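Asker: Mind having a look at this structure? Questions to follow.
The values are calculated or read from the model by the stated rules, or taken from the named source; none is laboratory data. Only a predicted model underlies this, so the values are computations on that prediction, with no experimental measurement involved. Because the Cβ atoms are built from the backbone with ideal geometry, glycine has one as well, and the counts that use them run over all protein chains shown.
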Amino acid sequence: MKIVTIIGARPQFIKAAAVSREIAKHSNIKEIIIHTGQHFDENMSEIFFEQMQILKPDYNLEINSLTHGAMTGRMIEKIEEVLLKEKPNWVIVYGDTNSTIAGALAAKKLHIKVAHVEAGLRSFNRKMPEEINRILTDKISDLLFCPTDQAVKNLQEEGIGKHSLARIVKSGDVMQDAAVFYSNLAQKPNFKLPEKFILSTIHRAENTDDPVRLRSIFSAFQKIADEIPIILPLHPRTKKIIKNFELKVEDLIIVEPVGYLEMIYLLKNCSLVMTDSGGLQKEAFFFHKPCVTLRDETEWVELVENGFNVVVGSNSGEIYAAYKKMINKNPNYNINLYGGGKASNKIIRELLKKL
């Protein structure tokens, strides 16, 4: 069997690495990795691949810094060229990026089977480009690997699997596989850490592009920082926006973006996570940390339903109240929401079964 894996962003590399480690156990499977180049990252050097124990891509399409339409169209064209050359049995795509939908479309036009890892997630917010990408990818995939019961339910309610030849499989979440694998490889960041601290990230456009929302979030941060330090790894784009909006940040510990292994160290040692990231909500759970989500909705509803996470939006008062509620909360994390680190094994067994 030949599998082509299509990825374009650092989180997808980490997810795909978990599955690649499982593929490597099977001598009858050959994997070809295509990196679209969607998220250009100068830190993705030789050292990155060595530290993360990730296979280097066989193809790097170097497509980035374009509008959504131009980027997706260029990716379809270039991915198609590789697929015509490699002639795989399966194409695996991950998550909800432009690389995801481009890979799925290119494969289906060539009548190649598509497996979508992290299928069935819904925010029900169609202003998010990620929501459009994941819906369309789910509609045309042959195997849909769902991380949660809710993801399975979402697909069933949309009629996927009932009115098509697609198969829905609850696989669990490959991000938990990655968390288990990389946990012992965590690296301490090269800046001084307080004894207790909150770990926060802010990057989502709904927050960073709205001065009212962003000002409200940072107003809450300033108040919280009087009680416990907040470490905020900040992307240069967000840092520039904060400067343009003249937001008060002097009481926060603002640092450069950290690598995945450093982020795991911070997760393992923080007291609380406050974020607008989707992935970090789950990773907080993996490392037994309560979470406050600075969005109006979340795809990971089971975390909220079980008391591990609270969704508060951008209201300053509600953010502070959620912090007070969650900072000393110690829920029972002994619950299997995401497959317990065995998702990759299930994915490969299903792919072998379908051939």
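Asker: Select from the range 320-353 the residues that are touching a strand residue (DSSP E or B) at 6+ places or on another chain (Cβ under 8 Å), assigned to a helix (DSSP H, G or I) and closer than 17 Å to residue 289 by Cα and list them in ascending order.
Answerer: 322, 323, 325, 326
Asker: Tally time: how many residues in the range 48-64 are free of Cβ contacts under 8 Å to residues at least 40 places away in the same chain and of a type in the set (Phe, Trp, Tyr)?
Answerer: The number of residues fulfilling the criteria is 2.
Asker: Do we find a residue being outside any loop (DSSP other than H, G, I, E, B), crowded, with 19+ Cβ neighbours inside 10 Å, in contact with a helix residue (DSSP H, G or I) (Cβ under 8 Å, 6 or more places away or on another chain) and among the hydroxyl-bearing types (Ser, Thr, Tyr) anywhere in the range 19-36?
Answerer: no
Asker: Do you know which of the residues in the range 30-83 that are within 12 Å of residue 8 (Cβ to Cβ) and of a type in the set (Phe, Trp, Tyr) is modelled with the highest pLDDT?
Answerer: Here the answer is 59.
Asker: Could you pull out the residue among 282, 289 that is under 17 Å from the mean Cα position of the chain (by Cα), at pLDDT 95 or above and outside the structural domain of residue 121 (by TED's automatic domain parsing)?
Answerer: Checking each option against the conditions leaves just 282.
Asker: When the residues of the range 251-299 are narrowed to those that are surrounded by 19 or more Cβ atoms within 10 Å (Cβ to Cβ) and among the basic types (Lys, Arg), which ends up farthest from residue 186 (Cα to Cα)?
Answerer: The extreme case among them is 295.
Asker: Where in the range 159-242 are there helices (runs of 4 or more DSSP H), lying fully within it, with 2 or more residues that are more than 25 Å from the chain's Cα centre (by Cα) and either at pLDDT 95 or above or assigned by TED's automatic domain parsing to the domain that holds residue 17 (or both)?
Answerer: Those helices (runs of 4 or more DSSP H) span 211-225.
Asker: Moving to a separate point now. Which number in (1) of a type in the set (D, E, K, R); (2) closer than 23 Å to residue 125 by Cβ; (3) assigned by TED's automatic domain parsing to the domain that holds residue 97 marks the one condition that residue 305 misses?
Answerer: (3)
Asker: Take residue 67 and tell me if it is of a type in the set (Ser, Thr, Tyr) and touching a residue at least 40 places away in the same chain (Cβ under 8 Å).
Answerer: no
So that you can scan it fast, the table gives a plain yes or no per residue for (1) in contact with a Leu (Cβ under 6 Å, 6 or more places away or on another chain); (2) surrounded by 20 or more Cβ atoms within 10 Å (Cβ to Cβ):
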position	(1), (2)
153	no, no
170	no, no
176	no, yes
180	no, no
185	yes, no
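Asker: Which members of the range 123-151 meet the condition of being hydrophobic (A, V, I, L, M, F, W, C) and out of contact with any Gly (no Cβ under 6 Å at 6 or more places or on another chain)?
Answerer: Within the range 123-151, 124, 128, 132, 135, 136, 140, 143, 144, 145 qualify.
Asker: Still on this model: Just checking, how many residues over the range 102-140 are buried (at least 24 other Cβ atoms within 10 Å of the Cβ) and part of a helix (DSSP H, G or I)?
Answerer: Within the range 102-140, residues that are buried (at least 24 other Cβ atoms within 10 Å of the Cβ) and part of a helix (DSSP H, G or I) number 8.
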